[in-house]
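The values are calculated or read from the model by the stated rules, or taken from the named source; none is laboratory data. Note that the structure is a prediction, hence the values are computed from the model and not measured. Methodologically, a virtual Cβ is constructed for each residue, glycine included, from the backbone with ideal geometry; neighbour enumeration extends over all protein chains shown. When the accessible area is computed, the model is the full protein with side chains, heavy atoms only, and any ligands, DNA or RNA have been set aside. Shrake-Rupley method; radii C 1.70, N 1.55, O 1.52, S 1.80 Å.
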Amino acid sequence: MVADGAFASEDELMEGLRAGDARAYRLFVEHNSADVYKVALKLLGDEDEAEDVLQETFLSAFKAIGGFEGRSQLSTWLYRIAYNASLMRLRKRKRMTTFSLDQPPAGANDKGQTLSRHLVDWTAVPDEQLLTAEARREMDRAISELPDTLRSVFVLRDIQGLSGAETALILGITVQAVKTRLHRARLRLRDRLSEYFVERAKDLPAAA
């Protein structure tokens, strides 16, 4: 990690953080604040709460930096703090969604596969349809409607691009559980968004 020639690696940055170097703290925040905020916003769906989680995350990280053992990347460790802070807020806001990984989701067959009412050929949906602000808002709504257990995995894996191992470490679950939850999250989103694009397709002009 390089910035202003001050720190040539994450190890050097870590030394700076432990030493209380103001440049290290500034660099740490600059490089990670956007991603931490995005995770909190996707999990909570509220800008003000996401801002609060952002501040809480870095305050907690700075207080605990001396205990960081380097078993994961700094960013992964930071995501875990942000996830826990978001989870606490979700628990205060509502009872955690009860969702058993041993039970298939509603509308699933005996193999745990969601039976979508509308199977859309996504390749047939024009790019301009997929990229509209309305479509992005619909995607955000669909993500927000996922159970907390599925939404957190989807956000970390498919939005933030973390590996299965990193996601498992952050959430405190197994890699296999990450794979299972991600699969179910994608199926639910496919079903939810299929309905949206089916309706949109009705408004498209007929092919010549």
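The helices (runs of 4 or more DSSP H) located wholly in region 2-68 that include 3 or more residues which are more than 21 Å from the chain's Cα centre (by Cα) and at pLDDT 90 or above occupy 22-44, 47-64. Screening Arg157 on (1) free of Cβ contacts under 8 Å to residues at least 24 places away in the same chain; (2) open to solvent by 30 Å² or more (accessible area, probe 1.4 Å); (3) within 11 Å of the chain's Cα centre (by Cα) shows it passes everything except condition (1). Screening Glu51, Glu69 for residues that are over 23 Å from Arg137 (Cα atoms) and open to solvent by 70 Å² or more (accessible area, probe 1.4 Å) leaves exactly one candidate, Glu69.
In region 84-106, the qualifying residues are those that are within 30 Å of Tyr25 (Cβ to Cβ) and open to solvent by 40 Å² or more (accessible area, probe 1.4 Å), and the one that is modelled with the highest pLDDT is Asn84.
Answer yes or no as to whether Arg18 is open to solvent by 40 Å² or more (accessible area, probe 1.4 Å) and without any contact (Cβ under 8 Å) to a residue 40 or more places away in the chain. Criteria not met by Arg18. Scanning region 138-162 for residues that are modelled with pLDDT of 90 or more, assigned to a helix (DSSP H, G or I) and either touching a strand residue (DSSP E or B) at 6+ places or on another chain (Cβ under 6 Å) or not small (Gly, Ala, Ser) (or both) yields a total of 12.
Go through region 163-208 residue by residue and tally those that are modelled with pLDDT under 90 and among the charged types (D, E, K, R). Of the residues in region 163-208, 8 are modelled with pLDDT under 90 and among the charged types (D, E, K, R).
Note on region 180-194: residues that are under 24 Å from Ala40 (Cβ atoms) and either touching a His at 6+ places or on another chain (Cβ under 6 Å) or without any contact (Cβ under 8 Å) to a residue 40 or more places away in the chain (or both) total 3.
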